[in-house]
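What follows is a single structure, written as structure tokens, with notes after it.
Every number in this text was worked out from the coordinates using simple rules, so none of it is lab data. Owing to the predicted nature of the structure, the values given are computational and were not obtained by experimental measurement. Methodologically, a virtual Cβ is constructed for each residue, glycine included, from the backbone with ideal geometry; neighbour enumeration extends over all protein chains shown.
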Amino acid sequence: MKVAFIGTGRMGLPMAERVLAGGHELTVYNRNREKAEPLSSFGAEIVSSAADAIGSAECVILMLSDGSAIWEVLFKGSPKVDLVGRTVIQMGTISPSESMEFQREVAERGGDYLEAPVLGSTPEASEGKLLIMVGASKPQFDKWSTLLECFGSEPVLIGEVGKAGAVKLALNQLIACLTVGFASSLGLVQNLGIEPGLFMKILRRSALYAPIFDKKLKLMLDRDYGIGNFPTKHLFKDVALFHTAAQRVDLETINVEAMQRLLEITLEKGYADGDYSALFEAVSPLRH
């Protein structure tokens, strides 16, 4: 199958490699061409515009940072993108309403559209172990599930376009919620002079435990958040999207607004590109 892949950042690059490993022909475009170049050694063709990439393929996979980037690539770029007879598979994290708008716009231009956001980070992307949520019709799902299996073994059909995007936002809100909760508990324990190892020993034996706690423990204890596979700035964006979606269905969002403020503080402290466990700096700042 001839596939175009647009967006070769932290997640997009290993995902594009999985498409090649699946035996597909791949054409790649990334605004920063340098980030796409490693794929040429695996047999991908690197092109200079989104229009060239999409024009070469029957299916285009988008792994872009947000809705505005998708809009620019599909509808505002030069030269103009030809979507007639082509399928767009959107795999980034955007709002349900944005996804439905893209579906309408793609259809008006003679193309087909489905969403397939993923849960997981770069290790899972490299290993083909992402969790894939699909917003599509059943015929679309049946047609494209084999391609989606390049990224994860069991894509799940959630429902129509917008619903998979909603599930992805719901899951990412949980990432923020669990991280803030753990940071608060760890901060209390540390500041009262209790050994974190004792706290973790009890926590791991309880029904309260989640694996994310151990994944983030050392980063918080060392206060060293590096360059994150899932950086704070992206979690901030996703929580804001969740907030908007939650308001539209009349959920109480006080807790979400608190997480947004903590993420804002984390960004203000300079951890935009660091792992989102840097939330610890907002919840439990160092005493001077």
Choice from 166, 57, 258 showing the highest fluctuation, given a GNM over the chain with Cα pairs closer than 10 Å: 258
Listed residues 42, 203, 158: farthest to the positive end of the dipole of the chain (Cβ charges): 203
Three semi-axes of the equivalent ellipsoid, the range 72-195, Cα gyration tensor, whole Å, largest first: 36, 17, 13
Mean-position separation - Cα centroids, the range 141-211 and the range 75-92, in angstrom: 32 Å
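Suppose R0 equals 25 Å. What FRET efficiency, 1/(1 + (r/R0)^6) with r the Cβ-Cβ distance, do residue 252 and residue 68 give to the nearest 0.05? If you can, show how the numbers build up before the last one.
Values: r = 29 Å, r/R0 = 1.14.
Given R0 = 25 Å and the Cβ-Cβ separation, E is 0.30.
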Subset of 129/163; 168/201; 2/215; 80/168 violating a 28 Å alpha-carbon distance limit: 168/201; 2/215; 80/168
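Compute the semi-axes of the equivalent ellipsoid of the range 105-170, taking the square root of 5 times each eigenvalue of the Cα gyration tensor, and list them largest first in whole Å.
21, 13, 11
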Full-stretch length increase - residue 287, residue 194 - with 0.36 nm per residue and alpha-carbon distance subtracted: 31.8 nm
For the range 2-160, alpha-carbon Rg and Dmax in angstrom: 14.0, 38
Size of charge dipole - the range 2-160 - debye, nearest 20, with Cβ of Lys, Arg +1 and Asp, Glu -1, no other charges: 180 debye
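Give me the Kirkwood hydrodynamic radius of the range 165-283, using the inverse of the mean 1/r over all pairs of distinct Cα atoms, in Å to one decimal.
Values: mean 1/r = 0.0678 Å⁻¹.
That comes to 14.7 Å for the range 165-283.
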Value of Rg/Rh across the chain [Cα atoms, Kirkwood radius]: 1.01
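Given the peptides 125-137, 75-87, arrange them by the average over their residues of other C-beta atoms within 10 Å, most packed first. Mind dumping the intermediate values first?
Details: 125-137: 20.9, 75-87: 14.3.
Per-residue Cβ counts within 10 Å, averaged per peptide and sorted highest first, yield 125-137, 75-87.
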Lys/Arg +1, Asp/Glu -1 at C-beta; the chain dipole; positive extreme among 117, 13, 188: 188
Among 253, 179, 93: highest mean-square fluctuation, GNM of the chain, C-alpha pairs under 10 Å: 253
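Pull up the DSSP beta bridges for the range 2-160 and report the antiparallel fraction as a percent, rounded to 5.
If we restrict to bridges inside the range 2-160, about 10 percent are antiparallel.
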Listed residues 158, 54, 212, most fluctuating in the chain (Gaussian network, C-alpha, under 10 Å): 212
Cross-link partners of residue 237 among aspartates and glutamates (Cα-Cα below 15 Å; sequence separation of 8 or more within a chain): 66, 98, 257, 264, 268, 273, 275
The chain - share of DSSP beta bridges that are antiparallel (%, nearest 5): 15 percent
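Assign unit charges at the C-beta atoms only (+1 for Lys and Arg, -1 for Asp and Glu), then state the dipole size of the range 1-40 relative to its Cα centre in Debye, rounded to the nearest 20.
Values: 6 positive and 4 negative charges, 29 e Å.
Using only the charged Cβ atoms, the result is roughly 140 debye.
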Spin-label pair residue 41/residue 178, simplified geometry with 7 Å Cα→Cβ offset, distance in nm: 3.5 nm
